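The values are calculated or read from the model by the stated rules, or taken from the named source; none is laboratory data. The structure presented is a predicted model; accordingly, all values stated were derived computationally and were not measured. Here the Cβ is made from the backbone with ideal geometry for all residues, glycine too, and neighbour counts use every protein chain on show. Note: areas computed on protein heavy atoms with side chains; ligands, DNA, RNA excluded. Shrake-Rupley method; radii C 1.70, N 1.55, O 1.52, S 1.80 Å.
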Amino acid sequence: MKFFLLSSHFSTLRFIVIINKNSLYSSFLLYCLIHLSSKLVDLGIERKRDKGFLCIEKKDLLIDGFEEGRIKTRIGRQRSFEERSISEISVGLNRGLGSSETLYSPGGRSTWETPRSSAPNAFEPHPMFAEAWDALRQSIVFFNGQPVGTIAANDQTEDALNYDQVFVRDFVPSALAFLMNGEPEIVKNFLLKTLYLQGWEKRVDRFKLGEGVMPASFKVLHNPNRKTDSLLADFGESAIGRVAPVDSGLWWIILLRAYTKSTGDSTLAETDECQKGIRLILTLCLSEGFDTFPTLLCADGCCMIDRQMGIYGYPVEIQALFFMVLRCALVLLKHDTEGKEFVDRVLKRLHALSYHMRSYFWIDIQQLNNIYRYKTEEYSHTAVNKFNVIPESIPEWLLDFMPNRGGYFIGNVSPARMDFRWFALGNCIAILSCLATNEQSMAIMDLLEERWEELVGEMPLKVCYPAIENHEWRIVTGCDPKNTRWSYHNGGSWPVLLWLLTAACIKTGRPQIARRAIDLAESRLLKDGWPEYYDGKLGRYIGKQARKYQTWSIAGYLVAKMMLEDPSHLGMISLEEDKRIKPLMKRSTSWTC
């Protein structure tokens, strides 16, 4: 064993130790070193980290005794996530793997080349981390003794309404938290139960819904007399506005891939039932009709924005999820006769969808200048202003909001209409799915940094920006009392979006942005009782109708925290570039491409 004393002074003691494990003499010297270090620590010498060298400290060494001339040691990770080089966590994240993405990760690990926790307790979490886990476990729903999901909220001070149900979109962050914690059983049960519900005949006012529609939510009904459980599903017939959830089936496929990626268990996805479920969802999404666009035509209230908010048409949230689902389907579908047919259809749609979104939904300062100078009433395929957008429709707020560096995917594009609002979920999913090019992903992060006060404020993260108000609010929302300005889905701040922001930050090599957002959340979330959302321009006030102990607020924090500590978890919810979906579009692409 070689022993070097690098420096010794009152505040620190640094060593480099090279151990020959086969030497009993080396083991004895190491024991003496530990004993010496212990004495120095007992005398009050402070512990300090050194970025250049490994510091062996008293609490980092576990002596199990001598065994065949060896001393067993356990050395915890010495550097925090913030101290790591950005290159350590970003290497491989932006590297395209074409069609050869490894879907299955034996041992529950992803293929991302990022550091992993050396032990479950290798870092010291915030005190509210344990509180969050306790609250999440209290929200678990059981069916015949088996965990099948988590309720939407566990607020004992309010009427339950439908907050005591398991929502498909709400369960996703809960599922990711359980997967990251090595508890896949509840996720598998959830996937199977919702797949079973998909097979139900679905009718709303005598009208039969598509066979592939997934439920918005389900409830477990317990019969204490017969000691049996039954399921009650909602496919939109009980929802406010009676809108079927377009995003439920999309999230289901994304979660199936996350489960498979995390556990390495390909058998679930390869079952005939799961394969049929995937194909039924794709059939709905890929159906041909009168539309001339590759995007999905959707009604208001069909996704996280579940009330009248003017997102009808082609909302960016649904298009980004649609793109991600098509890419997940490519690796989930079996290449049998039926599977190959769908793979061909998916690839064709991906080409068209990526071109459409990157060209027409993207905006930055250069593109804004182009739109500002558009001519209207252009005819034929040579038209530059293809959707006949009137330049006077550009809102005044956008002219001041758009920075010189940065850009984003706008909320909606349809004939004579561009919704220039910024939507958080759609832009984060665009990064994670590689719908956004590398340049566009960086531009979205630039925008977040440049407009931090507007988009993040005092509580991450604005669901959309800006709020609509006054006469526009009355017309667009129908005077919705819940969606008043800077509240709920009209510019409210939603803690659940923290996990999506963190994932996007890690993928783009900007973990410091996520760390800053998590610090904001940790300063208030537990104290405020895990609210559903916050109100105000800066997110300073607990939402006026927000439920406390909202499960996805709790789970969103846990996922963000665990992902930042161990970025390899990113592989569950993020995709690498696919070489088949080229060419790359330039960051400031003109609509004349």
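Restricting segment 190-238 to residues that are hydroxyl-bearing (Ser, Thr, Tyr) and under 28 Å from the mean Cα position of the chain (by Cα), the residue that is farthest from Val148 (Cα to Cα) is Ser238. For segment 130-148, residues that are surrounded by 16 or more Cβ atoms within 10 Å (Cβ to Cβ) and either free of Cβ contacts under 8 Å to residues at least 60 places away in the same chain or over 26 Å from Leu250 (Cα atoms) (or both) total 5.
Scanning segment 221-236 turns up no residue that is part of a helix (DSSP H, G or I), of a type in the set (Ser, Thr, Tyr) and either out of contact with any helix residue (DSSP H, G or I) (no Cβ under 8 Å at 6 or more places or on another chain) or in contact (Cβ under 8 Å) with a residue 40 or more places away in the chain (or both). Taking segment 517-551 as the range and being open to solvent by 30 Å² or more (accessible area, probe 1.4 Å) and in contact (Cβ under 8 Å) with a residue 24 or more places away in the chain as the test, the residues that pass are Leu520, Arg524, Leu526, Lys537, Leu538, Arg540, Lys544, Gln545, Lys548, Tyr549. Among the residues of segment 354-398, the ones that are within 26 Å of Cys434 (Cα to Cα), without any contact (Cβ under 8 Å) to a residue 40 or more places away in the chain and assigned to a loop (DSSP other than H, G, I, E, B) come to 1 in all.
Out of segment 420-469, which residues are under 21 Å from Ile581 (Cα atoms) and open to solvent by 20 Å² or more (accessible area, probe 1.4 Å)? Across segment 420-469, the qualifying residues are Asn438, Glu439, Met442.
Among residues of segment 271-287 that are modelled with pLDDT of 95 or more, those with a beta-carbon under 8 Å from a residue that is among the charged types (D, E, K, R) and open to solvent by 40 Å² or more (accessible area, probe 1.4 Å) at least six positions away or on a different chain give the pairs Gln275/Lys334; Gln275/Glu338; Arg279/Glu338; Leu280/Glu211; Leu282/Arg345; Thr283/Glu211; Leu286/Arg345; Leu286/Arg349. Scanning segment 399-419 for residues that are among the small types (Gly, Ala, Ser), open to solvent by less than 10 Å² (accessible area, probe 1.4 Å) and touching a residue at least 60 places away in the same chain (Cβ under 8 Å) gives Gly407, Gly411. Among the residues of segment 301-354, those that are of a type in the set (Asp, Glu) and over 22 Å from Ser217 (Cβ atoms) comprise Asp336, Glu338, Glu341, Asp344. Consider only pairs whose beta carbons are under 6 Å apart and that are at least six residues apart or on different chains; among these, list those whose first residue lies in segment 465-486 and is within 16 Å of Tyr541 (Cα to Cα) and whose second residue is part of a loop (DSSP other than H, G, I, E, B) and charged (D, E, K, R). Within 6 Å, the pairs are Ala467/Arg485; Asn483/Arg307; Arg485/Glu469; Trp486/Lys537.
Only one entry in Ala244, Ala299 is at pLDDT below 90, open to solvent by 20 Å² or more (accessible area, probe 1.4 Å) and within 27 Å of the chain's Cα centre (by Cα), namely Ala244. The residues of segment 156-192 include none that are open to solvent by less than 20 Å² (accessible area, probe 1.4 Å), over 15 Å from Ala233 (Cβ atoms) and not in a helix (DSSP H, G or I). Among the residues of segment 182-202, the ones that are touching a residue at least 24 places away in the same chain (Cβ under 8 Å) and of a type in the set (Gly, Ala, Ser) come to 1 in all.
Taken as a whole, segment 427-435 holds at least one residue that is touching a residue at least 60 places away in the same chain (Cβ under 8 Å), closer than 22 Å to Ile305 by Cβ and part of a loop (DSSP other than H, G, I, E, B). Scan segment 194-220 for residues that are under 27 Å from Leu282 (Cβ atoms), open to solvent by less than 100 Å² (accessible area, probe 1.4 Å) and outside any loop (DSSP other than H, G, I, E, B) and the total you get is 7.
When you check Asp291 against the structure, is it within 25 Å of Arg421 (Cα to Cα), under 20 Å from the mean Cα position of the chain (by Cα) and among the acidic types (Asp, Glu), yes or no? No; evaluated as a whole, the condition is false for this residue. The single condition among (1) basic (Lys, Arg); (2) in a loop (DSSP other than H, G, I, E, B); (3) out of contact with any Phe, Trp or Tyr (no Cβ under 8 Å at 6 or more places or on another chain) that Arg474 does not satisfy is (2). Are there any pairs, at least 6 apart or on different chains, whose C-beta atoms fall under 8 Å, with the first in segment 318-337 and open to solvent by 10 Å² or more (accessible area, probe 1.4 Å) and the second modelled with pLDDT of 95 or more and not in a helix (DSSP H, G or I), and if so, which? Listed by first residue and then by second, the contacts come to Arg327/Ser433; Arg327/Cys434; Arg327/Leu575.
Every condition in (1) touching a Pro at 6+ places or on another chain (Cβ under 8 Å); (2) modelled with pLDDT of 95 or more; (3) open to solvent by less than 30 Å² (accessible area, probe 1.4 Å) is met by Gly236 except one, and the failing one is (2).
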